[in-house]
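The values are calculated or read from the model by the stated rules, or taken from the named source; none is laboratory data. Predicted model, so just to flag it, every value in this text is computed and none were measured. Positions of Cβ are backbone-derived with ideal geometry, glycine not excepted, and every protein chain shown enters the neighbour counts. Ligands, DNA and RNA are excluded from the accessible area calculation, which covers all protein heavy atoms including side chains. Shrake-Rupley method; radii C 1.70, N 1.55, O 1.52, S 1.80 Å.
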Amino acid sequence: MPSKVKKPNRRNERAIFALGNEAVVEGALLAGCSFFGGYPITPSTEIAEIMADRLPRLDDGVFIQMEDEIASLGAVIGASLAGRKAMTATSGPGFSLMQEHIGYACMAEVPLVIVNVMRGGPSTGLPTSPAQGDVQQARWGTHGDHPIIVLSASDVHECLEMTVRAFNLAEKYRSPVILLLDEITAHTREKITLPEPGSFEIFTRIKPSMPPEWFVPYEESMRGVPPMPPLGAGYRFHVTGLTHDVHGYPTSRPEEVQNLMQRLFRKIDQFFYDIQFVEETACDDAEILVIAYGCVARSAHLAVVQAREKGLKAGLIKLKTLFPFPRPAMEKLMQHCRVLVVPEMNMGQISREVKRVNNGRAQVRTLNRVDGQIITPGQILKLLQKV
Amino acid sequence: MTKKKELTEVFIYPDWCKGCGICVAFCPSQVLELGPDGKARVIKGKECVNCGFCEYHCPDFAIVVKTKPLLKNYANHAQQGQKAQPQK
Amino acid sequence: MKASMELQRFELRLSGLGGQGILTLGKVLGAGLAIEEGYEVSQTQSYGPEARGGASRSDLVISSHSISYPKPEQLDLLVAMSQEACNLYYRHLKPGGLLLVDDSLVKQTPTNIYWGLPFTSLAVQKLGMPQAANMVLLGALAHFLPFIQPRSMKKSLERNLSPRFLEGNLKAFQLGLTHARKKYPDAQEQWTFS
Amino acid sequence: MAEVTQLIHHYLRHNKKFPHVLCPGCGHGIVLGSLVRSIHQLGLTKDEVVLVAGIGCSGRIAVYTDFNTVHTTHGRALTFATGIKMANPGLKVIVIMGDGDALSIGGNHFIHAARRNIGVTALILNNNIYGMTGGQSSSTTPQDSVSMTTPFGQMEKSFDIVELAKAAGAHYVARSTVLHVKLLDRIIVTALERPGFNLVEALTPCHTQFGRKNKFKTVVDMYKWYKKNALPLDALAKLPEAQRNARVPIGIFVQEEAHSLEDRYVMLRSRLQEGAS
């Protein structure tokens, strides 16, 4: 007979058994999201469905289903300009359609959150199977040089946590923030405990604090992030996707263009330490480091535990920030390791970044799987034993 | 709207005029013409019937038709306009 | 009454056909274990075309500790509500893993060591609701699995399903529980936990 | 008259350089004047007006006016406007689009904005051509006319914006030319006053890219063409049927009452909150 022990914990009134997609909604609502514009697409659809039920019950919540993903992100940008914390959720093909507006949001510095539940691709690909093929697209999908923040989550609790973070970063840096999930993370049900409101940080964009006549919408500042008034509050200015001067008017004068572009990068780069989230497991004495994100990080965790049981000095770095690639944190952890193992469900997208940061010091081994199946702990363990 | 002549005066901001010729073509009293610089100018100001067509249809907001009581307010503009656009 | 017990990693698959309510069952069972019993549970399921006819499955990993890999690797228990599912997933059982089938639908089992109860025909004959077979099954599971208390599952039913169907669902649950207790009174003794 | 232009000057951005970038004789400026007069007539404040523009010649208009202005992506102005209006229904949202903008790349958004009756006024400046990119054919380029991408004449049929808006369910559909500026003022004022989606099509000549290639010697000839061919609906009805086809009807085509989407949303919200309490 099994041994009898005490119950693991008592029933908690704030505990729910939720899908990853549900946790995203909970996180968004906790962060103050009051606008969702979206278009159904597997495997992100539950986010829209739950938002459609929850938002109209709030005093100011708005849910709108648009005619496509382009329109969805357009509406989200509009709502954000009007002062709302706004988001959309999509998957592969829809994310591709959104790229132009992601660039617009970067250029016009519109805070918003895009959740992309990655599925197999390219094209229609594998709608109901997981993949991690949109990592570099999230970084470089829209045209032109631009900074962007890309986060990822690997379990249901992290879906909630990273959604809150995504909103905070979007509002703080006036930037679109992309949260990459995968089909497995989004469609796994787990128990999460909703945090008490007030027990975690919620950041809301800073509004101008001077009279409208003195307001310069894109003024240079130390922080690099100009204050942002909502439309209709008396601060009339021009919002455009064209390169613009500090007043928001289109310009093609080289020095003004250069200043704008440099500020856009600087405002995110100089706050690196506020943006990078990595989670380490058994890294202190590790000679072999596994670097993983999303659902694969969970396989990797089990593999690392099993490897340790077999006497291998293995460790795991779980990336929760993918871009800007958390270089400072990674360099610190990677100092003494011999081999870096990068398992991903694509043909090698984060491994490029790892190789770049590693700069030839340690051996980098990739483990790629693109058949719509999760990389199993066994696969990773086998590789760990081989190296 | 009054149709009486001589109660109005037509002013043009030459800087803003692009010389499209709409005002010239449609003015019922042929008050305007395109000058040698390609910009509209007033030639028969006294014929103006204050229909407002030129002002409403100027795509560049370069024409102002002033009724007499308002003229004083525009003395400065008027002088500038005449300097750049001497009437014959 | 059974007491809560320590679980390392218990892997359970519910499988059958689309329309049998496998996904709902997985959700209710998972919520009951996670919220009412306090275990860590990772529940995943097959989506897409499979969810609308054809094969359907819902996987649960249950543990007293946090779960890293969310998918089952070697099943401790396979529940098969169709012959197809039984054939397909039997090989995923770990050595010593147990098989529970709806023996009104699964006519051939790959092994002679299994538990069989006619969930669907019970639902049809006793309740007149074939769609309640999944709740009959849930009642049976509350007996077969030593870490489930029927009371928690009933609570989970209340919380997760429409109140309109609650009465019928509870009846089905009780039906499954009673039949499982009668036919396999010592089922819980068969478990060996790693 | 002077007060009219003076007030337009008041609504322009004084720190922008004038004259604007549009070609001589381009009707877009006339529409802008008409819009400003309408806004003034309704007594709207600069702060409550949001002018959303697309890409193209029409897209450049917004920047010159001293409202809240948003210059969006090509064809998507209505989507931005939808988000703005839903987020803050107190704003008066006006969308300025060109014909290529609204009906080619943005055709989908156009019909859906009309269908969902979102409370914005859509002003389509129809010059039958892509002006800014150098005169390529758009979905409203008339059949057989010449453009940079239809050097042998447009083979496809063109969209009738009014008919399209009617079919998509718009509750207010009106059309004028920039020559009929009094009518244009009137229909824009009505559009701005009404809830829901209101469509105003303004026919505006593009001589640089369209007229020159299609037998109009000067831009004035294009205005003269409007004078001859654009007929108010009642005048058109008096014409013998055989002559009607060649003419362009102007006036108000549809005017019906219906709740706008944002109003319906408010109703839904209060219904849900009543149910909850």
Inset, instruction - Sort through A:His244, A:His301 and tell me the only one that's at pLDDT 95 or above, closer than 30 Å to A:Pro229 by Cβ and crowded, with 22+ Cβ neighbours inside 10 Å. - result: A:His244
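So which strands (runs of 3 or more DSSP E) stay within the range A:284-387 end to end and still have 2 or more residues that are in contact (Cβ under 8 Å) with a residue 12 or more places away in the chain and aliphatic (A, V, I, L, M)?
Numbers: elements: A:288-292, A:314-319, A:321-323, A:339-344, A:363-368.
Here the list reads A:288-292, A:314-319, A:339-344, A:363-368.
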Legend entry - Residue list for the range B:10-54, restricted to those being farther than 19 Å from D:Val21 by Cα, within 9 Å of chain D (Cβ to nearest Cβ) and without any contact (Cβ under 8 Å) to a residue 24 or more places away in the chain: B:Val24, B:Ala25
Legend entry - The listed residue being among the aliphatic types (A, V, I, L, M) and over 22 Å from C:Trp115 (Cβ atoms), out of C:Leu161, C:Leu141: C:Leu161
Inset, instruction - Identify all residues within the range A:353-373 that are closer than 20 Å to A:Asp182 by Cα and either open to solvent by 70 Å² or more (accessible area, probe 1.4 Å) or touching a Leu at 6+ places or on another chain (Cβ under 6 Å) (or both); write none if there are none. - result: A:Leu367, A:Val370, A:Asp371, A:Gly372, A:Gln373
Inset, instruction - Filter the range D:72-99 for residues that are more than 9 Å from chain A (Cβ to nearest Cβ) and either part of a helix (DSSP H, G or I) or at positive phi (or both) and give the result. - result: D:Asp99
Inset, instruction - For the range A:94-114, indicate whether the set of residues that are more than 14 Å from chain D (Cβ to nearest Cβ) and open to solvent by 10 Å² or more (accessible area, probe 1.4 Å) is non-empty. - result: yes
Inset, instruction - Residues being in a loop (DSSP other than H, G, I, E, B), open to solvent by less than 10 Å² (accessible area, probe 1.4 Å) and of a type in the set (A, V, I, L, M, F, W, C): count how many of those fall in the range C:99-147. - result: 3
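In the range A:318-342, what residues are β-branched (Val, Ile, Thr) and under 17 Å from the mean Cα position of the chain (by Cα)?
Pass one, the range A:318-342, residues β-branched (Val, Ile, Thr): A:321, A:339, A:341-342.
If the condition is that a residue be β-branched (Val, Ile, Thr) and under 17 Å from the mean Cα position of the chain (by Cα), then A:Thr321 is the only one that fits.
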Inset, instruction - Assess whether A:Gly125 counts as being on the phi > 0 side of the Ramachandran plot and modelled with pLDDT under 95. - result: yes
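Quick check on the range A:132-141: of everything there that is open to solvent by 10 Å² or more (accessible area, probe 1.4 Å) and touching a residue at least 40 places away in the same chain (Cβ under 8 Å), which residue is farthest from A:Gly83 (Cα to Cα)? So that I can check it myself, show each step before the final result.
The first filter runs over the range A:132-141 and keeps only residues open to solvent by 10 Å² or more (accessible area, probe 1.4 Å), leaving A:133-134, A:136-137, A:139-141.
Adding the requirement that they be touching a residue at least 40 places away in the same chain (Cβ under 8 Å) leaves A:133-134, A:136-137, A:139, A:141.
Numbers: A:Gly133: 33, A:Asp134: 29, A:Gln136: 30, A:Gln137: 28, A:Arg139: 26, A:Gly141: 26 Å.
Here the residue is A:Gly133.
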Legend entry - Selection from the range D:56-71 of residues that are facing chain A (nearest Cβ under 7 Å), crowded, with 24+ Cβ neighbours inside 10 Å and in a loop (DSSP other than H, G, I, E, B): D:Phe67
Inset, instruction - For B:Glu55, state whether it is open to solvent by less than 20 Å² (accessible area, probe 1.4 Å) and touching a strand residue (DSSP E or B) at 6+ places or on another chain (Cβ under 7 Å). - result: yes
Inset, instruction - Kindly indicate the residue of the range A:174-218 that is open to solvent by less than 20 Å² (accessible area, probe 1.4 Å) and among the small types (Gly, Ala, Ser) and also farthest from the other protein chains (Cβ to nearest Cβ) among those meeting that condition. - result: A:Ser175
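Does D:His40 satisfy being open to solvent by 30 Å² or more (accessible area, probe 1.4 Å), free of Cβ contacts under 8 Å to residues at least 12 places away in the same chain and assigned to a helix (DSSP H, G or I)?
Judged against the criteria, D:His40 is not a match.
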Inset, instruction - Can you confirm whether the range A:223-232 contains a residue that is surrounded by fewer than 14 Cβ atoms within 10 Å (Cβ to Cβ) and within 21 Å of D:Asn15 (Cα to Cα)? - result: no
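Filter the range D:247-277 down to the residues that are under 23 Å from D:Arg175 (Cα atoms) and open to solvent by 70 Å² or more (accessible area, probe 1.4 Å), then identify the one that is farthest from the other protein chains (Cβ to nearest Cβ). If you could, list the steps in order and put the result at the bottom.
In the first step, residues of the range D:247-277 are kept if they are under 23 Å from D:Arg175 (Cα atoms); the result is D:247-260.
Within this subset, residues satisfying the condition of being open to solvent by 70 Å² or more (accessible area, probe 1.4 Å) are D:255-257, D:259.
Numbers: D:Gln255: 24, D:Glu256: 22, D:Glu257: 23, D:His259: 16 Å.
Top of the filtered list is D:Gln255.
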Legend entry - Odd one out for D:Phe152, checked against (1) assigned to a loop (DSSP other than H, G, I, E, B); (2) of a type in the set (A, V, I, L, M, F, W, C); (3) touching a residue at least 40 places away in the same chain (Cβ under 8 Å): (3)
Inset, instruction - Give me the pairs, please: first residue somewhere in the range C:80-108 and within 26 Å of C:Val124 (Cα to Cα), second residue anywhere and of a type in the set (Lys, Arg) and part of a helix (DSSP H, G or I), beta-carbon distance under 9 Å, and either six or more positions apart or on two chains. - result: none
Legend entry - Any pair with Cβ under 9 angstrom, 6 or more apart, that starts in the range D:111-124 at a residue that is over 12 Å from D:Val162 (Cα atoms) and ends at one that is open to solvent by 10 Å² or more (accessible area, probe 1.4 Å) and among the small types (Gly, Ala, Ser): D:His112/D:Ala168; D:Ala113/D:Ala168; D:Arg115/D:Ala168; D:Arg115/D:Gly169; D:Arg116/D:Gly169; D:Asn117/D:Gly169; D:Asn117/D:Ala258
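Residue by residue, here is whether (1) over 20 Å from B:Cys54 (Cα atoms); (2) under 19 Å from the mean Cα position of the chain (by Cα) holds:
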{"site": "D:Lys17", "(1), (2)": "yes, no"}
{"site": "D:Cys23", "(1), (2)": "no, yes"}
{"site": "D:Thr45", "(1), (2)": "yes, no"}
{"site": "D:Gly56", "(1), (2)": "yes, yes"}
{"site": "D:Tyr64", "(1), (2)": "yes, yes"}
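Whether any residue in the range A:307-316 is touching a Phe, Trp or Tyr at 6+ places or on another chain (Cβ under 8 Å) and within 13 Å of another protein chain (Cβ to nearest Cβ) is what I want to check. Outline the logic, then answer.
If we filter the range A:307-316 for residues that are touching a Phe, Trp or Tyr at 6+ places or on another chain (Cβ under 8 Å), which is where we start, we get none.
Taking every residue of the range A:307-316 in turn, none turns out to be touching a Phe, Trp or Tyr at 6+ places or on another chain (Cβ under 8 Å) and within 13 Å of another protein chain (Cβ to nearest Cβ).
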Inset, instruction - Go through (1) within 10 Å of chain B (Cβ to nearest Cβ); (2) out of contact with any Pro (no Cβ under 8 Å at 6 or more places or on another chain) one by one and return the number of the condition D:His28 breaks. - result: (2)
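Please find, within the range D:1-11, the residue that is nearest to A:Arg236 (Cα to Cα) out of those that are of a type outside the set (Val, Ile, Thr) and buried (at least 17 other Cβ atoms within 10 Å of the Cβ). Full working, then the answer.
As a first pass, look at the range D:1-11 and keep what is of a type outside the set (Val, Ile, Thr): D:1-3, D:6-7, D:9-11.
Restricting the remaining residues to those that are buried (at least 17 other Cβ atoms within 10 Å of the Cβ) gives D:1-2, D:11.
Values: D:Met1: 28, D:Ala2: 26, D:Tyr11: 12 Å.
Result: D:Tyr11.
Residue by residue, here is whether (1) closer than 21 Å to D:Lys157 by Cβ; (2) open to solvent by 10 Å² or more (accessible area, probe 1.4 Å); (3) in contact (Cβ under 8 Å) with a residue 12 or more places away in the chain holds:
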site	(1), (2), (3)
D:Glu48	no, yes, yes
D:Ala77	no, no, yes
D:Gly83	no, no, no
D:Pro89	no, yes, yes
D:Ile94	no, no, yes
D:His109	no, no, yes
D:Gln136	yes, yes, yes
D:Pro142	yes, yes, yes
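Does C:Ser42 qualify as being more than 14 Å from the chain's Cα centre (by Cα), modelled with pLDDT of 95 or more and at the interface with chain A (Cβ under 10 Å from one of its Cβ atoms)?
The answer is yes for C:Ser42.
Go through the range D:1-25 and report how many residues are more than 8 Å from chain B (Cβ to nearest Cβ) and farther than 21 Å from B:Glu9 by Cβ. So that I can check it myself, show each step before the final result.
Just the residues of the range D:1-25 that are more than 8 Å from chain B (Cβ to nearest Cβ), to begin with: D:7, D:10-11, D:13-17, D:21.
Subset that is farther than 21 Å from B:Glu9 by Cβ: D:11, D:13-17, D:21.
The total comes to 7.
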